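The values are calculated or read from the model by the stated rules, or taken from the named source; none is laboratory data. Note that the structure is a prediction, hence the values are computed from the model and not measured. Don't worry about glycine lacking a Cβ; one is built from the backbone with ideal geometry, like all the others, and counts go over all protein chains shown.
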Amino acid sequence: MAKKDDDFLAELRARRARIQNQQPVQGQERDEAETEPQDECVRPAPTPEPAPQLPQQVKDPQPAEPGPDTGPADQPEAWSVRLTDATANAIRAGSPMRAAGGWSDLGGDVTATVRDLESRLFTAPEQMSAAAHAACEKIACVVLDKLEARVEAVALAWFSVIETDWAPLFAEARFVDVTWQSASYLLNQALRPATAQAQSVVDAVGGLAGRMATAHPDLADPWKALARDLRGRHATIADTAEETGQPGSAAHVHARARAQAHARLAAMSSEERRRAAREAVIRRMSPKDAAAARAADTAAEDETKEKAAAAAAVTEWRTVAADLTQRYPLVRSIIARGHRPVIELLRTAGLGKKSAITRKNSDGSTTKVVSEELPTLAVIGEVEDGIELEFDPLPGQSVATWQTALGVLGVELGCPSLTVMQRGQRIVIATNDAPVPLPPASLIRPMPVPYDPIRGRSYLGQNGRGDDIWITWREKAGAVVGGTPGSGKTGSLLPLLAGLAGQAEVHIFDGKGEHDYDPVAGICRTFDISGEVDGPCADALARIEELRRARSAAIYAATGGQNFWSIPPDVREKLNLYPVFIVMDECQTWLDKKELSGKDELAIGADVERLLRRFVKKGRSAGMMTILATQKPEVESLPGAIRDMCTIKVCYQTTTDAQAKTVLAALPPAGPLRPTEIADGEFGRCVVKSGKSFDLVQSVFVDPKDITAALSGMNPVPDQMTVARGLISG
């Protein structure tokens with residue numbers, strides 16, 4: 001075989017040498033009638049149709065236009081070298097075509113076996129004919145089956161080779177025909193041993209059938225039929241081998257489709273292959289049976305997923321439990337005793353329901369049977385602040401029912417900080433006893449952190465995990481900030497407001513009447529630090545209400561939308577539309593009726609409260625945020641109707657839980673998250689409420705002198721009322 005390969009390559013190299021020797025000299029015209037040299041290794045396709053070009057993928061290439069410069073004599077040396085190398089790679093040992101069985105037959109001498117059968121047959125034809133016929137048919141069919149499979153496998157490997165190694169050769173438009181003929185001949189040569197062996201087997205059986213017809217005509221009919229069948233199979237194999245290399249032929253199209261299918265199959269995972277095979281089976285069913293099969297498959301998949309999820313849950317539980325047993329006696333007891341400790345816990349907490357029935361015995365007596373229903377512990381999950389116990393409650397049990405049992409549950413579990421909540425159909429008991437990571441003692445920056453206009457947020461500080469904490473104003477309308485005097489409330493607000501320079505219109509009203517906000521005065525549209533109830537505040541807020549109405553109309557006129565936050569930031573910048581911040585520090589100056597005297601101040605206070613309520617209720621879509629800050633966090637200072645519409649809540653140190661609840665609307669679990677636990681020296685430490693969760697944060701601090709220097713020369717953004725009127729007028 002190695003010698004044959006060497007001869008094959010030698011022919012290619014000889015052809016290349018002849019091509020180089022016959023290249024026309026530059027400037028010399030070529031005789032139109034000159035006969036093109038033929039290459040022994042390039043066998044013309046048997047069909048007269050032009051051979052198409054091979055593409056990058058396994059598809060029929062487009063034919064090239066014949067012309068005077070497309071003949072083999074004009075092939076440049078580089079192309080000829082590439083053709084020789086590609087052919088050498090295709091026939092080398094270990095190549096895909098070799099691995100598929102190219103250039104080889106099945107081995108063994110099948111015809112000798114047929115001859116041996118013949119010799120035995122003719123010794124006793126009457127007795128041996130049927131058995132010999134069956135044996136001969138089996139031998140021949142097995143061999144042809146294997147050869148047919150080999151032809152198909154080599155054809156698939158051939159497609160793989162020509163779409164990779166040979167693809168650059170087909171890119172040369174002038175040489176498409178010759179390249180394709182070479183590729184076709186390569187396939188024919190690779191399949192020749194298989195087709196030759198098929199021919200020899202058919203000939204051997206045909207010869208035997210002929211001799212039986214001559215010697216024993218009465219026994220010849222089955223042999224003649226077998227010979228006809230085998231000749232038909234051989235013709236199919238030979239035609240497939242011959243036509244697969246001819247684009248456009250049925251054999252070529254079929255082989256190409258199988259090559260594509262094999263490529264897709266090879267790219268599939270085992271599960272994808274299983275699904276594809278199953279789908280192929282279902283497609284052969286009737287519509288009714290197919291629907292039933294798909295429903296059954298879906299049910300089986302769901303069951304498998306449930307089992308996998310249960311197994312994963314068990315694995316996860318065992319992993320987590322190893323740590324939780326050290327921290328929670330209940331978990332340790334469950335590991336040791338199963339659900340018995342849970343039953344005892346729920347029974348002690350009075351969360352069970354007893355029922356009694358009277359059963360009549362056979363002797364006429366009665367027996368009272370008492371049964372008890374208890375909630376079911378479904379999940380124990382480890383969370384950031386402890387563990388959560390999820391129960392399936394009994395019918396009729398609500399969060400209030402479990403709330404009354406928290407005291408007993410807390411004593412039994414050794415967790416005084418238990419809380420209860422509803423999650424879907426389940427009741428969740430949270431221990432809230434994990435240590436809260438403390439944020440840094442201080443967070444000082446030399447410059448304010450700029451407002452983020454893309455996400456609509458301002459930087460506040462860091463939590464105990466080192467995460468940067470931002471206050472997101474986007475799609476929000478109000479914020480409540482509270483804390484006792486000296487807790488760092490104003491000092492933390494100052495760098496936040498400084499970050500709005502050039503990014504927002506700012507209106508500040510300071511009820512203290514001091515100069516804490518002087519470093520940001522230059523960027524403010526309104527700056528009222530009079531501290532007087534009858535000062536500019538009420539009139540300024542009335543103008544801001546006019547601005548709110550005008551901005552809504554302007555947004556609609558300019559964009560066709562109704563929400564400031566829906567406008568892309570770059571479009572807002574082009575329209576000179578900026579968010580608007582209204583800051584009311586020491587808001588109790590205007591809102592606490594006990595601090596107001598006389599009808600005039602009460603009337604002003606009522607107007608201010610009405611306008612603030614409107615801002616936090618309707619300002620979101622206009623891009624307006626209201627910040628209410630107070631060092632007197634009491635119900636009178638923060639009316640519930642306004643506070644509850646403010647979704648952003650930040651609470652610095654308080655002296656009582658009632659004050660913290662006034663700011664946050666709900667108390668965090670007992671422990672470091674309670675604002676009352678913030679120590680006196682922890683300036684800027686605060687609790688931030690986001691949704692139903694709480695976070696302990698250290699606010700950033702920037703020296704007021706640094707803020708003044710950073711904002712030097714900066715002015716307010718364009719007057720938003722003027723901008724709104726301009727957009728409305730067009």
Review point. Got a number for residues in the range 444-455 being outside any loop (DSSP other than H, G, I, E, B) and either within 32 Å of the chain's Cα centre (by Cα) or modelled with pLDDT of 95 or more (or both)?
Key: 1
Review point. Which of the residues spanning the range 574-631 are polar (S, T, N, Q) and surrounded by fewer than 17 Cβ atoms within 10 Å (Cβ to Cβ)?
Key: Asn576, Ser597
Exercise for review: Please give the strands (runs of 3 or more DSSP E) falling wholly within the range 328-403 in which 2 or more residues are crowded, with 18+ Cβ neighbours inside 10 Å.
Suggested key: 376-383, 386-392
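Do we find that Leu612 is at pLDDT 95 or above, in the same structural domain as Val663 (by TED's automatic domain parsing), under 20 Å from Phe509 (Cα atoms) and in contact with a strand residue (DSSP E or B) (Cβ under 9 Å, 6 or more places away or on another chain) in this structure?
Details: at pLDDT 95 or above: yes; in the same structural domain as Val663 (by TED's automatic domain parsing): yes; under 20 Å from Phe509 (Cα atoms): yes; in contact with a strand residue (DSSP E or B) (Cβ under 9 Å, 6 or more places away or on another chain): yes.
It is true that Leu612 is at pLDDT 95 or above, in the same structural domain as Val663 (by TED's automatic domain parsing), under 20 Å from Phe509 (Cα atoms) and in contact with a strand residue (DSSP E or B) (Cβ under 9 Å, 6 or more places away or on another chain).
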Study note, to complete from the structure: Of the conditions (1) touching a residue at least 40 places away in the same chain (Cβ under 8 Å); (2) under 27 Å from Ile387 (Cα atoms); (3) touching a helix residue (DSSP H, G or I) at 6+ places or on another chain (Cβ under 8 Å); (4) hydrophobic (A, V, I, L, M, F, W, C), the single one that Val420 does not satisfy is (1)
Check your understanding: Quick one: in the range 376-430, which of the residues that are among the charged types (D, E, K, R) and within 33 Å of the chain's Cα centre (by Cα) is farthest from Leu330 (Cα to Cα)?
Key -> Arg423
Exercise for review: Report yes if some residue within the range 249-257 is over 18 Å from Met97 (Cα atoms), at pLDDT below 85, part of a helix (DSSP H, G or I) and among the charged types (D, E, K, R); otherwise report no.
Suggested key: no
Revision key, fill the gap. Filtering the range 689-709 for residues that are under 28 Å from Asp516 (Cα atoms), within 43 Å of the chain's Cα centre (by Cα) and not polar (S, T, N, Q) leaves a count of 7
Exercise for review: Looking for whichever is out of contact with any Leu (no Cβ under 9 Å at 6 or more places or on another chain) and either in contact (Cβ under 8 Å) with a residue 12 or more places away in the chain or under 19 Å from Arg674 (Cα atoms) (or both) here; the options are Pro439, Pro450, Pro435. Which one fits?
Suggested key: Pro435
Review point. If you take the residues in the range 634-661 that are more than 17 Å from Arg613 (Cβ to Cβ) and hydroxyl-bearing (Ser, Thr, Tyr), which one is surrounded by the fewest Cβ atoms within 10 Å (Cβ to Cβ)?
Key: Thr655
Practice item. Considering (1) exposed (fewer than 14 other Cβ atoms within 10 Å of the Cβ); (2) hydrophobic (A, V, I, L, M, F, W, C); (3) outside any loop (DSSP other than H, G, I, E, B), say which one Ala441 fails and leave the rest. Key: (3)
Practice item. Sort out which residues of the range 103-141 are closer than 17 Å to Asp203 by Cβ and β-branched (Val, Ile, Thr), and write them in order of number. Key: Val110, Thr111, Thr113, Val114, Ile139
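Picking from Cys686, Cys646, which residue would you name as being under 40 Å from the mean Cα position of the chain (by Cα), assigned to a loop (DSSP other than H, G, I, E, B) and assigned by TED's automatic domain parsing to the domain that holds Gly478?
Values: Cys686 fails: assigned to a loop (DSSP other than H, G, I, E, B).
Of the residues listed, the single one that is under 40 Å from the mean Cα position of the chain (by Cα), assigned to a loop (DSSP other than H, G, I, E, B) and assigned by TED's automatic domain parsing to the domain that holds Gly478 is Cys646.
Give Ala86, Ala99 a once-over and let me know the one that is crowded, with 19+ Cβ neighbours inside 10 Å, modelled with pLDDT of 85 or more and within 29 Å of Ala157 (Cβ to Cβ).
Numbers: Ala99 fails: crowded, with 19+ Cβ neighbours inside 10 Å.
Criteria check complete, one pass: Ala86.
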